[in-house]
Structure formats: C-alpha cells, structure tokens
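Read through the structure below, which is laid out as structure tokens, and then see the notes.
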Amino acid sequence: MTDYTHYFDEVIQAHIAIEQWLAEEQDPTALEHLLTRFSPQFSMVSPLGRVLDFEALRELFQLAGGKKLGFRIQLSELRGVALHDGGATVSYREQQTDATGLHSDRRSTVVFEKQADGRLVWRHLHETFIQG
C-alpha cells in the first residue's frame, strides 16, 4: 500500500492555517509563516478558472486576512493520485462556509514537491466547484 499520510496531513494542516488566517485577525508574521507552505513557483487554477501565481496568492491572502467572520473549512475524500521521489499528487473535497451563510463546495487536486530536507511545499493547485 502506498502511504500518503504526510501529504494528507499537510493538506489538513494548511487548511487549518488558512481558515485561521481568513477568520481571525492575526499578526502579519502569521501570513509569512503560512506562505512558507507554498513554492515560490506555485501556480493555481481557481474554481472560476483564474490563474494565480505565488504573488497573486500572497495578495489574495493579504486582502482577505481576518475578514471572513465565522469562516470554516471541512475536508473530506482525501485520495492519493500519484506518489514519486520528488513529491506526490493528491485530491480532496473542500467545503467552505462563513457567518453570512455563504457555502461553497469544491474538488481540489494538489501537486506537492518534497524538498531535500523532507519538507513538503504546494507546487500547483487546481480547484473546481461542485454544483448542486
């Protein structure tokens, strides 16, 4: 059996950090710590098809930090797609809610790079809304 445990743990821990950053006002150093999870070459396709790089991700987090009252993320359906020496690809389902009642449901696929020191970084993320 292929072990994706470290990758699944990173998905969970990253989303806890993202949830906290968006829902609670925090010191700016928390953002810098959060961003260390992402490769400087990070790329993302948002659920609406927008393409973001690392700097766009930074800007998105800077603008939204502490502004999503009651924001919560629920993860499920974590699955391994591919595992290799340089990292892995995993998929998961992500449901987001906030205090206004806004709800979104998406499927996401993330490509991880494993650094020489064993640290995992997010290299690419693709999100797609689930309708219905």
Percent relative contact order for the chain, counting Cα pairs under 8 Å at least six residues apart, stands at 25
Order of L48, L31 from fewest to most other C-beta atoms within 10 Å?
L48, L31
Compute the acute angle (0 to 90°) between the alpha-carbon long axis of helix 54-64 and the principal axis of greatest extent of the alpha-carbon atoms of the chain; round to the nearest 10°.
30
Once both labels are modelled 7 Å past Cα along the beta-carbon direction, what's the E113-Q74 spacing in nm?
3.5
Any idea which of V90, V11, L57 is furthest toward the positive side of the dipole for the chain, if Lys and Arg beta-carbons carry +1 and Asp and Glu beta-carbons -1?
V90
Hey, what angle do you get for helix 5-23 against the long axis of the chain, alpha-carbon based, 0 to 90 degrees rounded to 10?
20
Only loop residues by DSSP count here, and only those with at most 13 other Cβ atoms within 10 Å; note down the trypsin sites (Lys or Arg not before Pro) in the stretch 44-132 that meet that.
R50, K67, R119
Rounded FRET efficiency, nearest 0.05, which uses the C-beta distance separating H33 from L60 and R0 of 22 Å
0.85
For F42, distant residues with modelled amide H under 5 Å away
F54
GluC sites (Glu not before Pro) in the stretch 1-47 lying in a DSSP loop, each with at most 12 other Cβ atoms within 10 Å of its Cβ, come to E25
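Just so you know, all these numbers are worked out from the coordinates, no wet-lab data involved. Just so it is clear, the model here is predicted, and its values are computed rather than measured. Note that each Cβ is placed from the backbone with ideal geometry, even for glycine, and that neighbours are counted across all protein chains shown.
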